[in-house]
Amino acid sequence: MKLAIFMRDPTLFLRNEYEDLARKELDWKLRVLQGPSTPWCIVDRKKVLMFCSNNYLGLSNHPKLKEASIKAVQSHGAGSGSVRPIAGNMDLHVELEKRLARFKHAEASLTFQTGFAANSGLIPQLVEEGDVIISDELNHGSIIDGVRLARAERAVYKHTNMHDLERVLNEIERHSPAYRRILLITDGVFSMDGDIAPLDEIAKLCAEHGAMVYVDDAHGEGVLGEGGRGIVSHFKLTRDKVHIEMGTFSKAFGVVGGHISGSQDLVNFAYNKSRTWLLSGSHPPAVAAACIAAIDVLENEPEHVEKLWENTKYFKKSMKDLGFDIGNSETPITPIMVGESTVAKKLSSRLFEEGVFALPIVYPMVALNKARIRTIMNAALTREDLDFAIEAFTKIGKELKII
Ligand SMILES: *Cc1c(COP(=O)(O)O)cnc(C)c1O
């Protein structure tokens, strides 16, 4: 029997750790969106301009997606009733995969509940003991978790640095005993900085070393490539060079769900092996139907992607001309670099007061002196909306002596 003095509440750490985070102001202070994610929206009862959603093309509130969701509820119900391999494989799921493969110009596609489920479920199955995974040091957390679940060894190269990747590949080649499989994984677009992985060079180096290439294109879809087809299309790469193209329906597609595209062999393997796919319930019919509608919109309404880029160019140029440090982004993600965490937080809260919703990104999400406001452009914003935001940035930028 333990003495009474040691019989403390075994959950005490929950409060202690939370309070520690709160003291350091590292806890998430959640804002509440009261209504759809539209350019002007209601957040914490205040009308503000949305400048930080992943809803790049405004599809989450598109009439065709909403209509498809409602119709699917009426025809198929609210839930799917099971996991896909047992009794939850609906015609809508199958159709979505066919449509996605066609959109991606791939032999086959497979959907997962989320992008996180795709990465954490598939990555550990692609390699075994005696294999090796190569990662960019800034890869997304869902990739990191997928890699941690894998039994293979790991090697990391400096962010988008091809010399360093070459060094890693050469070391792997010299390793004894020789590795069997080599799997390279990279984000397509890096979500904190908005830079693009040099996937053409990565694919070339990997081909020379017999490595598989896995790209997570969560922030590239609906943004890069022909009609928003993503990074593989952007670099005009073929599927014998990029073997696994992973993505999500939760960002530019405006809904939710992960997916992979590639060969039929890849898809057959993935759905028989990925535990997240096998053991977790399938999408409600409304989700699958809305995702199909999103693909329809991308195929038939090219103006959204065009408008996204037009807005992106206008905003980046205006902010740069004003003297803001906007980092090295090549995409609609535009960080406004301020350095100190406290400045980033102040900038964000003042912007909110002025009617612009953009979140600060601070340590430990980025390095200590790399705090920033991360803005994400949206195709549904008008020129007047952008000018409104730029005016607010100018006013507060001067107030806080950032410009
Ligand atoms: C958002 C994101 C994911 C997760 O996608 P979900 O479908 O939202 O789970 C995975 N990888 C990257 C790079 C992302 O940005």
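The values are calculated or read from the model by the stated rules, or taken from the named source; none is laboratory data. Keep in mind that what you see is a predicted model, and the values were worked out from it rather than measured. Neighbour counts run over all protein chains shown; Cβ positions are idealised from the backbone, glycine included. The protein model used for the area step is the full one, side chains on, heavy atoms only, and it has no ligands, DNA or RNA in it. Shrake-Rupley method; radii C 1.70, N 1.55, O 1.52, S 1.80 Å.
Return the residues of the range 57-110 that are hydroxyl-bearing (Ser, Thr, Tyr) and part of a loop (DSSP other than H, G, I, E, B); say none if nothing qualifies. Listed by number, the residues that qualify are Ser80, Ser82. Among the residues of the range 165-187, those identified as without any contact (Cβ under 8 Å) to a residue 40 or more places away in the chain and either within 16 Å of the ligand (Cβ to nearest atom) or not hydroxyl-bearing (Ser, Thr, Tyr) (or both) are Glu166, Arg167, Val168, Asn170, Glu171, Glu173, Arg174, Ala178. Residues that are within 23 Å of Glu221 (Cα to Cα) and either within 14 Å of the ligand (Cβ to nearest atom) or not charged (D, E, K, R) (or both) within the range 90-105 comprise Leu92, His93, Val94, Leu96, Leu100, Ala101, Phe103, His105, listed in sequence order. Candidates Ser233, Ser263, Ser280: the one that is within 21 Å of Glu330 (Cα to Cα), surrounded by fewer than 24 Cβ atoms within 10 Å (Cβ to Cβ) and among the hydroxyl-bearing types (Ser, Thr, Tyr) is Ser233. Under the condition of being of a type in the set (Gly, Ala, Ser) and either part of a loop (DSSP other than H, G, I, E, B) or surrounded by 21 or more Cβ atoms within 10 Å (Cβ to Cβ) (or both), which residue from the range 136-164 is farthest from the ligand (Cβ to nearest atom)? Only one residue fits best here, namely Ala152. Checked against (1) surrounded by fewer than 24 Cβ atoms within 10 Å (Cβ to Cβ); (2) more than 16 Å from the ligand (Cβ to nearest atom); (3) small (Gly, Ala, Ser); (4) over 21 Å from Leu199 (Cβ atoms), Ala289 passes all but a single condition, namely (1).
The residues listed here are Ala294, Ala344; of these, the one that is surrounded by 22 or more Cβ atoms within 10 Å (Cβ to Cβ), in a helix (DSSP H, G or I) and assigned by TED's automatic domain parsing to the domain that holds Phe112 is Ala294. If the condition is being more than 12 Å from the ligand (Cβ to nearest atom) and either under 21 Å from the mean Cα position of the chain (by Cα) or crowded, with 21+ Cβ neighbours inside 10 Å (or both), then the range 106-121 contributes Ala106, Ser109, Leu110. Among the residues of the range 122-134, the one identified as of a type in the set (D, E, K, R) and either within 16 Å of the ligand (Cβ to nearest atom) or open to solvent by less than 10 Å² (accessible area, probe 1.4 Å) (or both) is Asp131. Of the residues in the range 24-34, at least one is more than 25 Å from Ser341 (Cα to Cα) and surrounded by fewer than 16 Cβ atoms within 10 Å (Cβ to Cβ).
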